[in-house]
Amino acid sequence: MAARRYFNRESNRRAYDLEEQLYIDSKINQALRRFGIDPSSIPMTSSGIAARGPVVDKPPTNVETASRDECLKFLLGDARLRRAKAIRDDELTILLRDEQLKARVRDYIVNIDFRRKVIAHDCADWRRRKTAKRLCKHVGKILLAISEEKAQVLLRDLISNPDYWSLV
């Protein structure tokens, strides 16, 4: 409750961009639920953002059975998912070996290490979103292009265990 009260103060939220705020809100809400507290019972912040965050902040109901698109919708949002799907296949080159994936999407490089749970990328949107463990359209395109099974394993694990993944 103390963390929620502290982070509900506008002066404390101001240090973070919206994506980071949503991530922090979700972590606080997870902790509240573990203690049997309904996050929606706590008043809204002075900025009008509900303590539980917007609907987009809510992961799929059952992560273990969620489809690739449901997971991507949560980690990308609707607009970025549409933009990921709009990237042409000829703008993507993938090299997949064992537990390593290296890809070029347009002029950007993406490296995914499935074993070590590391995703490295170099676009500006990625730099803003990685703190909140959210993906950019380039990583989304790659996850749409590889086998659905491999993508689902990564996405479900990233949603269920975000602290085990390093996004650099």
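The values are calculated or read from the model by the stated rules, or taken from the named source; none is laboratory data. These numbers were taken from a predicted model, which means no experiment stands behind them. Note that we place each Cβ from the backbone using ideal geometry, even for glycine, and neighbour counts take in every protein chain shown.
The table below lists the values:
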{"item": "Some residue of segment 77-87 being at pLDDT below 95, assigned to a strand (DSSP E or B), over 19 Å from Glu20 (Cα atoms) and not β-branched (Val, Ile, Thr)", "result": "no"}
{"item": "Ile49 in contact with a Leu (Cβ under 7 Å, 6 or more places away or on another chain), surrounded by 12 or more Cβ atoms within 10 Å (Cβ to Cβ) and either at pLDDT 90 or above or not acidic (Asp, Glu) (or both)", "result": "no"}
{"item": "Subset of segment 1-21 (residues that are outside any helix (DSSP H, G or I) and within 24 Å of Trp126 (Cα to Cα))", "result": "Arg14, Ala15, Tyr16, Asp17"}
{"item": "Any hit, segment 124-133, residues being within 21 Å of Glu64 (Cα to Cα), assigned to a loop (DSSP other than H, G, I, E, B), in contact (Cβ under 8 Å) with a residue 40 or more places away in the chain and within 14 Å of the chain's Cα centre (by Cα)", "result": "yes"}
{"item": "Selection within segment 93-123 - part of a loop (DSSP other than H, G, I, E, B), surrounded by 15 or more Cβ atoms within 10 Å (Cβ to Cβ) and of a type outside the set (Lys, Arg)", "result": "Phe114, Cys123"}
{"item": "Residues being in contact with a Leu (Cβ under 9 Å, 6 or more places away or on another chain) and farther than 19 Å from Ile87 by Cβ - total across segment 131-151", "result": "3"}
{"item": "Count - residues of segment 20-46 that are modelled with pLDDT under 80 and crowded, with 18+ Cβ neighbours inside 10 Å", "result": "3"}
{"item": "Of all residues in segment 1-19 being free of Cβ contacts under 8 Å to residues at least 12 places away in the same chain and farther than 22 Å from Leu135 by Cα, the one that is surrounded by the most Cβ atoms within 10 Å (Cβ to Cβ)", "result": "Asn12"}
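Results for (1) at pLDDT 95 or above; (2) under 24 Å from Leu18 (Cα atoms); (3) of a type in the set (Asp, Glu), shown as yes or no for each residue.
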| site | (1), (2), (3) |
| --- | --- |
| Arg115 | no, no, no |
| Ala120 | yes, yes, no |
| Arg128 | no, yes, no |
| Arg134 | no, yes, no |
| Gly140 | yes, yes, no |
| Leu144 | yes, no, no |
| Ile159 | no, yes, no |
| Pro162 | no, yes, no |
| Leu167 | no, yes, no |
